[in-house]
Amino acid sequence: MQLLFFMTNHPIIQSFIEYLKFEKRYSRHTILSYETDLTYFFDYIITQYGETPLEQLSHIYIRSWLASLKDAKLTSKSINRKISTLKSFFKYQLKIGKIQQTPMAKIVAPKDEKRLPNFVADRDIKTLFEHVEFTDDWKGKTERLLLLLFYNTGMRLSELIGLKDGSINFSNHTLKVLGKGNKERILPLHPEIIADIKSYILNKKEAFQDLPDACLFVNEKGKPFYPRAVYTIVKKYLDTVTTIEKRSPHVLRHTFATHLTNNGADLNAVKELLGHSSLAATQVYTHNTIEKLKNIYKQAHPKA
């Protein structure tokens, strides 16, 4: 029996999504990215070639779609993500016996443009926490603590929003976060930040009653934060201290990692703190260190 695609929500796509959700236990955000990529791919196949059996989707079809993405001016990074999605999809189909070979074997991924991560300079971070004024109300205290945790832990936006009161271990000065793939990791915290968190939780219990799920961070109405609200807070304050192109929570993650590597931190330790699955993802921060060394050399060496 041949497997045909009549619509983007075909059961073959859905069975793969269910596999990612229930067996691989990927996050909702990651699953949505896979589903979006596959929907665009099969929309293209149906539009260009009509209803096509799964086992007839050769590398020629794949290359045709990738060429259309390049014509649409997608970056190499975006195209490579879609290639990764297709590789996972066809690997799954091979595993369950729907196809005999994957069409991805002959697909060569384009080289990524090497761009260094944006990060906030040391002096600007110092300005942010020592000279920028935060209002002495719940809103101001919350915003300052949000920024402190982003910079001092390098955690992701989703990880910070997911923090609970119980995530903090006050006795050994650590914080437990739930990262990608539902992987937990323990992050160390400075005693001063631990004290700030303890004070924040006590004030929260006095100011609000019956908080849902004991979320660590709540707004002035006692409600948990949405990602967009946290993004807006971070951008607002970074706007006051830096002119770098990107000013987001992830930039503070980059800043955390870059400042650690610039000050001699072991790369494997930085990898563990960031929750990276491989060292390759962490090595990008060594490029920032090299750029710093080049600048020092140019400024200080007589023959530079």
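The condition (being at pLDDT 95 or above and in the same structural domain as residue 253 (by TED's automatic domain parsing)) is satisfied by just one residue among 196, 136, 213, 165: 196. Of the residues making up the stretch 179-197, those that are touching a residue at least 24 places away in the same chain (Cβ under 8 Å) and out of contact with any strand residue (DSSP E or B) (no Cβ under 8 Å at 6 or more places or on another chain) are 180, 181, 182, 183, 190, 193, 196. Residue under question is residue 51, and the condition is that it be surrounded by fewer than 16 Cβ atoms within 10 Å (Cβ to Cβ) and either within 19 Å of residue 184 (Cα to Cα) or in contact (Cβ under 8 Å) with a residue 24 or more places away in the chain (or both); does it hold? Taking the combined requirement at face value, the residue satisfies it.
Note down all Cβ pairs under 8 Å where the first residue falls in the stretch 166-178 and is in contact (Cβ under 8 Å) with a residue 24 or more places away in the chain and farther than 14 Å from residue 272 by Cα, the second is of a type in the set (Gly, Ala, Ser) and exposed (fewer than 15 other Cβ atoms within 10 Å of the Cβ), and they're at least six residues apart or on different chains. The qualifying pairs are 166/214. Pairing each residue of the stretch 59-72 that is touching a residue at least 40 places away in the same chain (Cβ under 8 Å) with any residue that is in a helix (DSSP H, G or I) and among the basic types (Lys, Arg), provided the two are 6+ apart or on different chains, yields C-beta distances under 8 Å for 59/106; 66/82. Residues that are in a helix (DSSP H, G or I) and out of contact with any helix residue (DSSP H, G or I) (no Cβ under 9 Å at 6 or more places or on another chain) within the stretch 206-231 comprise 206, 212, 213, 228, 229, listed in sequence order. Given the structure, is residue 129 outside the structural domain of residue 34 (by TED's automatic domain parsing), of a type outside the set (Lys, Arg), farther than 30 Å from residue 20 by Cα and not in a helix (DSSP H, G or I)? No: the conditions fail for residue 129.
Give the residue that is nearest to residue 26 (Cα to Cα), with candidates limited to residues of the stretch 232-287 that are among the small types (Gly, Ala, Ser) and in a helix (DSSP H, G or I).
So, considering only residues that are among the small types (Gly, Ala, Ser) and in a helix (DSSP H, G or I), the one nearest to residue 26 (Cα to Cα) is 281.
The values are calculated or read from the model by the stated rules, or taken from the named source; none is laboratory data. As the structure is a computational prediction, the values presented were derived from the model and not from experiment. So basically every Cβ, Gly included, is an ideal-geometry build from the backbone, and we count neighbours across all protein chains shown.
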